[in-house]
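Q: Below you'll find the structure I mean.
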Amino acid sequence: MDHFRVVLALAIGYFIGSIPFGVLIGQQAAGVDVRRLGSGNIGATNVLRVLGPRIAAVVLATDVAKGMVAVLIGKWLVGGETVPLIAGLAAVVGHNWSVFLRLGGGKGVATTAGVVIATMPLVAAIAILAFAVVVGITRYVSLGSLVLACTLPIAAWLSDRPVLHTVFALILGLMVIWRHRSNIVRLIEGRENKLGKRVR
């Protein structure tokens, strides 16, 4: 294995993941910094609350694309199973702890989805369906995200994926849960905002 290509794939994955599309699109489309409004998060949910569905849809698509592109670059540069997964993981790390935001960032749900779509499409479909059902019933995006995180490794295991895939699904899920620590507290205390609540 070419170690330079491996390092390059991970570096590019992290760089792509670090691009804060929520901040950039918010500034370009509406002249606002989404980090200073609503929950302060750079992801599509906060953009939806602050700037509405059209801009949020663009942010969601670009954040998903980050994970997919990182995986594809890993496949192109190195191939195999391991490096594309790690490159995708690097993109999620970049999104969550962006070099462009002084190691601040989002919660990684959309980018995680992109990684799983590109590596385990069936697992992604199951997890996204679980997310959609929970959000549709409860209107809590954070709760849906936590369910998605828990579903990933279970779905990978039940769908007979290689052990490596199940381990990476578990790591991705744990990262999502870790980034939602404050949401978990608010959910328990009944202070979490529901989907559709507009904030300025």
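Q: Tell me, yes or no, whether region 78-99 has at least one residue that is at negative phi and touching a strand residue (DSSP E or B) at 6+ places or on another chain (Cβ under 7 Å).
A: Looking for residues that are at negative phi and touching a strand residue (DSSP E or B) at 6+ places or on another chain (Cβ under 7 Å), one finds at least one in region 78-99, hence yes.
Q: Follow-up question, since we're still on this one. Mind checking whether some residue in region 33-41 is assigned to a helix (DSSP H, G or I), of a type in the set (Ser, Thr, Tyr) and closer than 20 Å to Leu101 by Cα?
A: Of region 33-41, the ones assigned to a helix (DSSP H, G or I) are 34-36.
Among the residues that remain, those that are also of a type in the set (Ser, Thr, Tyr) are: none.
Within region 33-41, not a single residue is assigned to a helix (DSSP H, G or I), of a type in the set (Ser, Thr, Tyr) and closer than 20 Å to Leu101 by Cα.
Q: Could you tell me which numbered condition Ile12 fails, if it satisfies all but one of (1) over 30 Å from Val163 (Cα atoms); (2) at pLDDT 95 or above?
A: It is condition (1) that Ile12 fails.
Q: Quick test for you: out of Gly43, Gly114, Gly80, Gly74, pick the one residue that is loosely packed, with under 15 Cβ neighbours inside 10 Å and either of a type in the set (Gly, Ala, Ser) or within 30 Å of Ala30 (Cα to Cα) (or both).
A: Going through Gly43, Gly114, Gly80, Gly74 in turn, just one is loosely packed, with under 15 Cβ neighbours inside 10 Å and either of a type in the set (Gly, Ala, Ser) or within 30 Å of Ala30 (Cα to Cα) (or both): Gly80.
Q: Here's another thing I want to ask about it. Pairs under 8 Å by beta carbon, first residue in a loop (DSSP other than H, G, I, E, B) in region 60-83, partner crowded, with 21+ Cβ neighbours inside 10 Å, six or more apart or different chains?
A: Val78/Ala9; Val78/Pro84; Glu81/His165
Q: While we're on this one: Let me spell it out: the conditions are (1) free of Cβ contacts under 8 Å to residues at least 24 places away in the same chain; (2) in contact with a strand residue (DSSP E or B) (Cβ under 6 Å, 6 or more places away or on another chain), and Gly105 meets all of them except one. Which number is the exception?
A: Result: Gly105 fails condition (1) only.
Q: Among Thr111, Thr119, Thr138, which is the only one that is hydroxyl-bearing (Ser, Thr, Tyr) and farther than 28 Å from Gly40 by Cβ? Step through it out loud before you land on a result.
A: Numbers: Thr111 fails: farther than 28 Å from Gly40 by Cβ; Thr138 fails: farther than 28 Å from Gly40 by Cβ.
Result of the check over Thr111, Thr119, Thr138: Thr119.
Q: Tell me, yes or no, whether region 57-70 has at least one residue that is over 20 Å from Thr112 (Cα atoms) and either modelled with pLDDT of 95 or more or over 13 Å from the mean Cα position of the chain (by Cα) (or both).
A: Filtering region 57-70 for residues over 20 Å from Thr112 (Cα atoms) gives none.
Checking region 57-70: not a single residue is over 20 Å from Thr112 (Cα atoms) and either modelled with pLDDT of 95 or more or over 13 Å from the mean Cα position of the chain (by Cα) (or both).
Q: Also, I was wondering about something else. Find the residue count for region 147-200, including only residues that are without any contact (Cβ under 8 Å) to a residue 24 or more places away in the chain and of a type in the set (Asp, Glu).
A: Counting residues in region 147-200 that are without any contact (Cβ under 8 Å) to a residue 24 or more places away in the chain and of a type in the set (Asp, Glu) gives 2.
Q: Now, a different point. Could you grab me the full set of residues in region 35-58 that are among the β-branched types (Val, Ile, Thr) and either touching a residue at least 40 places away in the same chain (Cβ under 8 Å) or farther than 17 Å from Ala110 by Cα (or both)?
A: Those that are among the β-branched types (Val, Ile, Thr) and either touching a residue at least 40 places away in the same chain (Cβ under 8 Å) or farther than 17 Å from Ala110 by Cα (or both): Ile42, Thr45, Val50.
Q: Condition first: free of Cβ contacts under 8 Å to residues at least 24 places away in the same chain and outside any loop (DSSP other than H, G, I, E, B). Now tell me which residues in region 12-32 satisfy that.
A: Within region 12-32, Leu24, Gln27, Gln28 meet the criteria.
Q: Kindly evaluate Phe21 against the criterion of being of a type outside the set (Val, Ile, Thr) and surrounded by fewer than 21 Cβ atoms within 10 Å (Cβ to Cβ).
A: Details: of a type outside the set (Val, Ile, Thr): yes; surrounded by fewer than 21 Cβ atoms within 10 Å (Cβ to Cβ): no.
So Phe21 fails the test.
The values are calculated or read from the model by the stated rules, or taken from the named source; none is laboratory data. Everything quoted here is computed from the prediction, not taken from an experiment. Reconstructed Cβ throughout: ideal geometry from the backbone, glycine too, with neighbour counts over all protein chains shown.
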